[in-house]
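Here, each number is a calculation from the coordinates, and none is a lab measurement. Model, not experiment: these values are computed from the prediction. A quick note on method: Cβ atoms are made from the backbone with ideal geometry, for glycine too, and the neighbour counts reach across all protein chains shown.
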Amino acid sequence: MTQFLTGIDHIQIAAPPDSEELARKFYGEILGMREIPKPENLKARGGCWFQCGVQEVHIGIQADFTPAKKAHPGFTVHALQQLKTRLEEADYIISEEPPIAGRERFFTYDPFGNRIEFLAFD
């Protein structure tokens, strides 16, 4: 069978209207992702884009927004405990899940209620 896929370019996370500044605070300031410019022809849609390693995270505005409570991105982290502390200090709730061999992980929710996982590999 031919394999067509070569990787992931970006993920898109939905957010409610007028939430770009909250997205910049969470994804930019707290998580430390660098904001990147959206293409000129997409700016009118709202939202903002961030660089995450070689991939991108696109925060897309959705008029009838409902947060993703089960589906989620899993971000790899090099200083997991420091990030966990940073999120707790910013009043984000941390949830522990059953361990997976070879990785440490925890979950939180972004400011819009979307589930987010953070992982560090042994």
Inside the stretch 43-85, the number of residues satisfying the requirement of being more than 22 Å from Asp122 (Cβ to Cβ) and assigned to a helix (DSSP H, G or I) is 3
Among (1) over 16 Å from the mean Cα position of the chain (by Cα); (2) free of Cβ contacts under 8 Å to residues at least 24 places away in the same chain, Ile93 falls short only on (1)
Reported set for the stretch 39-73 where residues are without any contact (Cβ under 8 Å) to a residue 40 or more places away in the chain and buried (at least 16 other Cβ atoms within 10 Å of the Cβ) is Gly46, Gly47, Cys48, Trp49, Phe50, Cys52
Pairing a residue in the stretch 74-85 that is of a type in the set (S, T, N, Q) with any residue that is surrounded by fewer than 13 Cβ atoms within 10 Å (Cβ to Cβ) and in a strand (DSSP E or B), where Cβ atoms lie under 8 Å and the two sit 6 or more apart in sequence or on different chains, gives Thr76/Phe121
Residue hits (the stretch 1-42; of a type in the set (Val, Ile, Thr) and part of a loop (DSSP other than H, G, I, E, B)) are Thr2, Thr6, Ile8
